[in-house]
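Data first, discussion second: the structure below is written as structure tokens.
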Protein chains: 2
Amino acid sequence: MHAAGRFKRSRIPPEELTAKLCAGDTVALSRAITLVESTHPEHQADAQAIIEGCLPHANRSVRIGITGVPGAGKSTFIEAFGKYLTGLGKKVAVLAVDPSSTLSKGSILGDKTRMEELVRDPDAFIRPSPSGASPGGVARKTRETIILCEACGFDSIIVETVGVGQGEIAVHGMVDFFLLLKIAGAGDELQGIKRGIVEMADAIVINKADGENIRAARKARNEFSRALHLFPPKENGWVPRVLMASAVEKNGIPEIWELIQDYVTVNTENGHFAGKRTAQNRYWLIQTIEERLKARFYEDGQIKKLLEEAFSDLEHNKTTPFKAADRLLRNWKRNS
Amino acid sequence: MHAAGRFKRSRIPPEELTAKLCAGDTVALSRAITLVESTHPEHQADAQAIIEGCLPHANRSVRIGITGVPGAGKSTFIEAFGKYLTGLGKKVAVLAVDPSSTLSKGSILGDKTRMEELVRDPDAFIRPSPSGASPGGVARKTRETIILCEACGFDSIIVETVGVGQGEIAVHGMVDFFLLLKIAGAGDELQGIKRGIVEMADAIVINKADGENIRAARKARNEFSRALHLFPPKENGWVPRVLMASAVEKNGIPEIWELIQDYVTVNTENGHFAGKRTAQNRYWLIQTIEERLKARFYEDGQIKKLLEEAFSDLEHNKTTPFKAADRLLRNWKRNS
């Protein structure tokens, strides 16, 4: 309601906002993102018009996903990495996908002071996770925000997520390169990281490889390198690499950027870069369709009742999953 | 048509077949499974009646999934393992889930002579993968067959699949314990195994650990043990183990059975054994519902046309996945 009130007085026509945004105006960008994040129907209509206007100017960037458990040093790493990129003349946007923040209404990037230098850098744009949306909603809004940032001239998009929820699967589905940030621990290297994340990574960076940590970091790097070779190669033939970095001492950052550039070069040449983006677009189309089909089904009052009965019958071995499904679908057909 | 013709002459009332089956008659069991596998509506009606009659007598078994690439020695291993179990007084059913066989109309267990000894064992029952069904159909039929086998008194159910297709995900969703069979190779330990399979395993058995292979097998065992520790623990707290075996020399088989018994004991005590079966039932219920909801949508002629358009628009950056999904769903709502 707050956002709605703010815009009622001063609606900027979508064409005007789009033109400003595409000319590199980050105030216009912020405003467009706020429209994307709003649930107000008028704002959504404007947002969709802006996105459509931005589409021809989007898609020219490298999208980098970064995940890691709290404590892995994500903010410090992103600050060091982002500053390195702006130093090379890049324009860097940092977005966050944090479905859990929708509960607390907070955000991992909400406290921008954690990236003090980057936030003051005119070539960097930092935007916290949209709040008050479902996990699917956060993913949608972040993907649309990426398009806006690209149209605004940002050529390096960093999407941050906490590696403990469902966010990293969503992020993996919207970036070109997925980086898992880790610190060397006491043996249980992956504690707190969900199963499957390691397999998704295009690179693992052992962060905080400095001072007394160096030995442990080297050990972790070697262990992960060995373990990654036990996995079958990825579809695009890329073999994930393990690197060490110290965001505090600013060590290892150029090597990570070099690796990402290698990845982009190799995959652009063999067609997998564009292929992955097309596949991701199709994935989100199918995903969105199916989520809504399911929502229509499960939100039906009669279905809710029958599903409860089915669960109970299954628990007491009175039916099979397939017979119960038949019954539910027959009822749905009749009603819909 | 063949099966339909055969039964037209001699239909046995479902109650009669159920009674015989529950008394341990494997001829009745075979016949009931043929009904389950048939697509003929009358056979399906009989099959569902029999399954319902069997449900109160089912569920008393340990269900073991075994996967491995061709060449890992699955048949020889299952023969040795099965014979060991019947030697302990167990009744062993061996089923196969092999979606690929539905194309060739063949089956990995079709050539029963590959398990010569087990096939002659009166306490063993071997059934090849149902042919002529979709992957989803194979999974459904196999799950229903498990119920029939359990009601017939089989207390050890082995479900075999080739670790190269989608079969292993289906099998993982219908067994209590999932075993990945491997052989020591020349470095690329997991070649041919799909990503994610290693994470699904409750145990990895390095097979053919005999003769000149022993050294390589030990190396592979150590590598996998180390790698598995890098994964976060499973939901039930079970830490997967790596064992060695020689099915030919019949080494390591008792240790594997001991491990499975440990697993069953621990998980029965902490409630995860029953909990996993309940979760699997729910999974198959939801899975079946959603597959059919999607089928109804995607098989619609109008939707097919619009989807093609959406894919093309996405490829040319003319729309976003979310806008395209909106358009498709609005059309579906109008028509259905």
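The share of accessible area on chain B that comes from carbon and sulfur is 53 percent, using a 1.4 angstrom probe. Its Cα centre serving as origin, the range A:37-99 has a Cβ charge dipole (Lys and Arg +1, Asp and Glu -1) of approximately 520 debye. The trypsin sites (Lys or Arg not before Pro) of the range A:42-79 meeting both criteria, a DSSP state outside H, G, I, E and B (loop) and at most 11 other C-beta atoms within 10 angstrom of the site's C-beta, are A:ARG60. Taking the charge dipole of chain B about its Cα centre, with +1 at Lys and Arg Cβ atoms and -1 at Asp and Glu Cβ atoms, the residue from B:THR76, B:SER129, B:LEU259 reaching farthest to the positive side is B:SER129. Projecting the Cα atoms of A:ALA245, A:GLY196, A:ALA295 onto the charge dipole of the range A:189-336, computed from C-beta unit charges around the Cα centre, puts A:ALA295 farthest toward the positive end.
Note on the protein assembly as shown: antiparallel DSSP beta bridges, both residues inside, total approximately 5 percent of the bridges counted. With 29 Å as the limit, the listed pairs A:LYS304/B:LYS294; B:LYS141/B:LYS250; A:LYS20/A:LYS90; B:LYS20/B:LYS141 have B:LYS141/B:LYS250 beyond it between alpha carbons. Among the GluC sites (Glu not before Pro) within the range A:230-336, those in coil by DSSP and having at most 13 neighbouring Cβ atoms inside 10 Å are A:GLU235, A:GLU249, A:GLU299. The aspartates and glutamates whose alpha-carbon is closer than 14 Å to the alpha-carbon of A:LYS91, local same-chain residues fewer than 8 away aside, are A:ASP25, A:GLU79, A:ASP121, A:ASP123, A:GLU150, A:ASP155. About the centre of its Cα atoms, the range A:186-336 shows a dipole size close to 640 debye [charges on the beta carbon of Lys, Arg (+1) and Asp, Glu (-1) only; nearest 20 debye]. Once the 1.4 Å probe is applied to the protein heavy atoms, the protein assembly as shown comes out at 44 Å² accessible per residue.
Entry note, chain A: relative contact order of 17 percent, from Cα contacts under 8 Å with a spacing of 6+ residues. In this assembly, the B-A interface accounts for approximately 5800 Å² of buried accessible surface in total, computed with a 1.4 Å probe and without ligands, DNA or RNA.
The values are calculated or read from the model by the stated rules, or taken from the named source; none is laboratory data. All values derive from a computational prediction rather than experimental measurement. All Cβ positions, even for glycine, are placed from backbone atoms using ideal geometry, and neighbour counts span all protein chains on display. Ligands, DNA and RNA are excluded from the accessible area calculation, which covers all protein heavy atoms including side chains. Shrake-Rupley method; radii C 1.70, N 1.55, O 1.52, S 1.80 Å.
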